[in-house]
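The next block holds one structure in the form of structure tokens; read it before the comments.
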Amino acid sequence: MDVALLRQPSFSCPVRTPSSARPLLPFPSNVSRVRTRPSRRRRSCSASGGAGGSDTLVAAGSKKGHGEYRTKPGVVKREAETGDLKSWMHENGLPPCKVVLREKQSHDEKHRPIHYVAASEDLQVEDVAFSVPNSLVVTLERVLGNETIAELLTTNKLSELACLALYLMYEKKQGKKSFWHPFIRELDRQRGRGQLAVESPLLWSDSELDYLTGSPTRAEVLDRNEGVKREYNELDTVWFMAGSLFKQYPYDIPTEAFPFEIFKQAFVAVQSCVVHLQKVSLARRFALVPLGPPLLAYKSNCKAMLTAVDGSVELVVDRPYKAGEPIAVWCGPQPNSRLLLNYGFVDEDNPYDRIVVEASLNTEDPQYQDKRMVAQRNGKLAVQVFNVYVGREKEAILEMLPYLRLGYVSDPHEMQSVVSSQGPICPVSPCMERAVLDQLSDYFKHRLSLYPTTLSEDEAALSGSNLDPKKRVAVQLVLLEKKMLKACLHATMELISQLPDHTISPCPAPFAPLLK
């Protein structure tokens, strides 16, 4: 699949169009023609194969592999002639800063090298690396021209990401006439990839998604894709409600101008680089910042953040850097599954990595309502999610036990004492405790059995140097998940070994809690 940010179809329309309209890129061969539907403005458009006016850096050229394109000859020269991103920013108000743009070879030789932000001089903790004026930052306030409209749209059916993606897609149509052309060109070049990243799994093929077999992340990818599709179907709402977009592009109804696959590519690219600003209005909280991600590396153990300060967005570094070293920012307390889904990478030193265990009281239990009320009085729900953080697996097991015991007891007088007990305290009979622990151990064994490979096989695969980048990042994810599941199983078996009598059989539990 072609994952250039804003690759678009080309139209030749006999109706009058705004003077800013530009020819669009030809259809990639793996993307269907734009669907049309009746609208209040009748028009007769025919798809054209011409690529006139195209300025994308991932241009339609000779197709290689699965939807990938080599860059056309002369693109590098054209980029040199038009200047780079940082030069454009300085020309438009970026003050002197302490960073430079450098190149790093892509994982895939079919893709151009990616850029990254590096220190231009030695930096110390709390140095300001750069300060981007608001005039060079894309926010919904700028896109929609009305803060009230921005809040209405993003609290209804559309996310900020969808609105920002739509805006950049329209801007891309203007080619070099767009003020944002150098920034869009840079996003095209990055293809949603950071310094250590591949494309988000939202753009992977079905066979590539199979790399995630056994991981809950695979289902999350499919769910997110459905969510993006729902947002695409609501895009016309933005166009009709946002006067700024309607006036600038009166003949370009979104779902007629852009096929779904093109929108998804733009959505993923925006998702990979959007910055969440703090202490600003809702219409400015999601921002696209030139020199920000994906040119900056994301790290889980970094505390530097892009911050809104006095009419600009600045980066204050949290560690010293030598000249030439890449600069990193914090990606928030996100587990690796989210990092892969949003940014296409996995952080093996991520202190926020976690797996999720969902437990629920059995609704067929005659005492279900009583147990639900007891659980609520103790801060738990009828369907309770337990986060199992890396390195704290035993703590998570001890947190689950009181809730699971509640599902097993039948005496109303025992319910409150059972659910309010802490850790390894065992206020139930040994046979009931054995039943609870056996259910937990069986659950973790089942989750491990869903993966088609073992830990040792994953480690062997990662030790190789020729592993496909997408497969490598997927194997990294499932390996870390398996390690957490193994640690949970080990902690459960330890508790079983501490039972006073190992000869006792587990109590029958016709209404045991459900785990998934």
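The values are calculated or read from the model by the stated rules, or taken from the named source; none is laboratory data. Computed from a predicted structure; not experimentally measured. Virtual Cβ from ideal backbone geometry, glycine too; neighbours counted across all protein chains shown. Ligands, DNA and RNA are stripped out before the accessible areas are found, and what is left, the full protein with its side chains, is counted by its heavy atoms. Shrake-Rupley method; radii C 1.70, N 1.55, O 1.52, S 1.80 Å.
When all protein chains stay in place, what accessible area (Å², nearest 10, 1.4 Å probe) is found for residue 358?
50
If you count only protein heavy atoms with a 1.4 Å probe, what accessible area per residue comes out for the range 162-235, rounded to a whole Å²?
31
Give, as a single signed number, the net charge of other residues whose beta carbon lies under 12 Å from the beta carbon of residue 437, with Lys and Arg counted +1 and Asp and Glu -1.
After counting each charged neighbour, the total is -2.
If you count only protein heavy atoms and use a 1.4 Å probe, how large is the accessible surface of residue 115, to the nearest 10 Å²?
About 20 Å², rounded to the nearest 10.
Which of the peptides 393-402, 227-236 is most tightly packed, and how do the rest follow, going by the mean number of other Cβ atoms within 10 Å of each residue?
Packing proxy ranking, top to bottom: 393-402, 227-236.
Starting from the Cα of residue 514, step 7 Å along the direction of its Cβ; do the same at residue 319; then give the gap between the two resulting points in nm.
Distance between label points: 4.5 nm.
Of 509, 484, 499, whose Cα points farthest to the positive end of the dipole of the range 468-516 (charges on the beta-carbon: +1 Lys, Arg; -1 Asp, Glu; origin at the Cα centre)?
484
Can you give me the % of accessible surface on the range 230-389 that is carbon or sulfur? Probe 1.4 Å, all protein chains present, nothing else counted.
On the range 230-389, the fraction of accessible area on carbon and sulfur atoms equals 50 percent.
May I ask you to compute the full-extension gain from residue 382 to residue 91, defined as 0.36 nm times their residue separation minus their alpha-carbon distance, rounded to one decimal in nm?
The residue 382-residue 91 span can extend by a further 98.9 nm.
May I ask you to evaluate 6.51 cos²θ - 1.76 cosθ + 1.60, the Karplus curve with θ = phi - 60°, for each residue of the range 221-235 and list the ³J(HN,Hα) values in order in whole Hz, giving x for glycine and proline?
Per-residue couplings from phi come out as 4, 5, 5, 5, 4, 5, x, 5, 4, 4, 5, 4, 5, 9, 4 Hz.
Peptides 127-133, 456-462: what's the order by average Cβ count within 10 Å, highest mean first?
127-133, 456-462
Tally Lys/Arg at +1 and Asp/Glu at -1 over every other residue whose Cβ is under 9 Å from the Cβ of residue 415; what's the total?
-2
Might you tell me the accessible area per residue for the range 384-516, computed with a 1.4 Å probe and given in Å²?
Accessible area per residue: 48 Å².
Between residue 493 and residue 429, how many nm apart are label points set 7 Å from Cα along the C-beta direction?
Roughly 2.8 nm, to one decimal.
Can you give me the % of accessible surface on the range 85-143 that is carbon or sulfur? Probe 1.4 Å, all protein chains present, nothing else counted.
Percent of accessible area from carbon and sulfur atoms in the range 85-143: 42.
Could you run the Karplus curve 6.51 cos²θ - 1.76 cosθ + 1.60 with θ = phi - 60° over the range 307-323 and give me ³J(HN,Hα) per residue in whole Hz, x for Gly and Pro?
10, 7, 9, 6, x, 8, 10, 10, 10, 9, 6, 9, 7, x, 10, 8, 4
When only Cα pairs under 8 Å and 6 or more residues apart are kept, what is the percent relative contact order across the range 258-410?
Computed over the range 258-410, the figure is 16 percent.
Under 5 Å between amide hydrogens, which residues at least 5 positions from residue 99 or on another chain qualify, with H placed 1.01 Å from N in the peptide plane?
Under 5 Å from the amide H of residue 99 lie the amide H atoms of 120, each far enough along the sequence or on another chain.
List, in order, the whole-Hz ³J(HN,Hα) value for each residue of the range 472-487 obtained from phi through the Karplus relation with A = 6.51, B = -1.76, C = 1.60 and θ = phi - 60°; use x for Gly and Pro.
Coupling constants for the range 472-487: 4, 5, 5, 5, 4, 5, 5, 4, 5, 5, 4, 4, 5, 5, 4, 5 Hz.
With a 1.4 Å probe and all protein chains in place, put 284, 392, 189 in order of accessible area, largest first.
In descending accessible area the options line up as 392, 284, 189.
Once R0 is set to 22 Å, what does the formula 1/(1 + (r/R0)^6) return for the Cβ-Cβ distance between residue 504 and residue 446, expressed as a FRET efficiency to the nearest 0.05?
Efficiency computed from Cβ-Cβ geometry: 0.40.
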